[in-house]
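See below for the structure under consideration.
The values are calculated or read from the model by the stated rules, or taken from the named source; none is laboratory data. Because the structure is predicted, anything quoted here is derived from the model rather than measured. Here the Cβ is made from the backbone with ideal geometry for all residues, glycine too, and neighbour counts use every protein chain on show. Ligands, DNA and RNA are excluded from the accessible area calculation, which covers all protein heavy atoms including side chains. Shrake-Rupley method; radii C 1.70, N 1.55, O 1.52, S 1.80 Å.
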Amino acid sequence: MSERVETGACFCGAITAEMRGEPFWIAVDHDDDCRRAIGGPLTVWVGFRPAQVRFTRGTPKSFSKTKGVTRTFCADCGTSIGYADEGLDDELYLSIGFFDHPERFKPMAHAYWGERLPWIEFADGLPREETHSRGRDPSLGYPKDR
């Protein structure tokens, strides 16, 4: 069996990447910080270890509004690429819209279900976490508390 290889690109193509191996977590995120950063009612984050991700063209621009959380995007077209959180050691999350084949990433759960927009409904049977879906280092706190 060969290693899974996925590719991704921003809307204008200035940033491209290759991801090797299986993602460890895929979640539908209803968090209002992510909603504002992405510009949509929700997103799906695909989690990889940083060592699994290699940017093959360009360098994403980074931005941080929340202490410990760094978001990346294309400085040319604005495509959201991903985020890293110091409270989630060795985890890198890429936005489903960055992938060339988003249909290959089936979510495992809903995160921040308690913050979803009231008209969002799903009949997928996935677990619904009221807040975060990944255990964070408690000594670093949570984004909403930082």
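Convex hull volume per residue, computed on the Cα atoms of the chain, equals 120 Å³.
How big is D for the stretch 89-135, in µm² s⁻¹ as a whole number, if Stokes-Einstein is applied with the Kirkwood radius of its Cα pairs at 10 °C and 1.306 mPa s?
Values: Rh = 12.5 Å.
The diffusion coefficient I find is 127 µm²/s.
With a 1.4 Å probe and all protein chains kept in place, how do Ser133, Ser2, Ser64, Ser95 rank by accessible area, largest first?
Reading off the accessible areas and sorting them downward yields Ser2, Ser64, Ser133, Ser95.
Highest average first, the peptides 39-45, 68-74 ordered by how many other beta carbon atoms sit within 10 Å of their residues are 68-74, 39-45.
Give the carbon-plus-sulfur fraction of the accessible surface of the chain in %, rounded to a whole number; probe 1.4 Å, heavy atoms of protein chains only. On the chain, the fraction of accessible area on carbon and sulfur atoms equals 51 percent. The relative contact order of the stretch 83-139 comes to 37 percent, based on Cα pairs under 8 Å that sit 6 or more residues apart. Estimated at the nearest 10 Å², the accessible area of Arg35 is 50 Å² with a 1.4 Å probe. Beyond 20 Å, the tail of the calculated P(r) for the stretch 1-58 holds 40 percent of the Cα pairs.
The largest accessible area among Trp113, Trp119 belongs to the first residue in Trp119, Trp113, and the rest follow in falling order (1.4 Å probe, all chains). Accessible area of Asp100 (1.4 Å probe, protein heavy atoms only, ligands and nucleic acids ignored): about 80 Å². Remark: the stretch 6-146 carries 54 Å² of accessible area per residue (probe radius 1.4 Å; ligands, DNA and RNA excluded).
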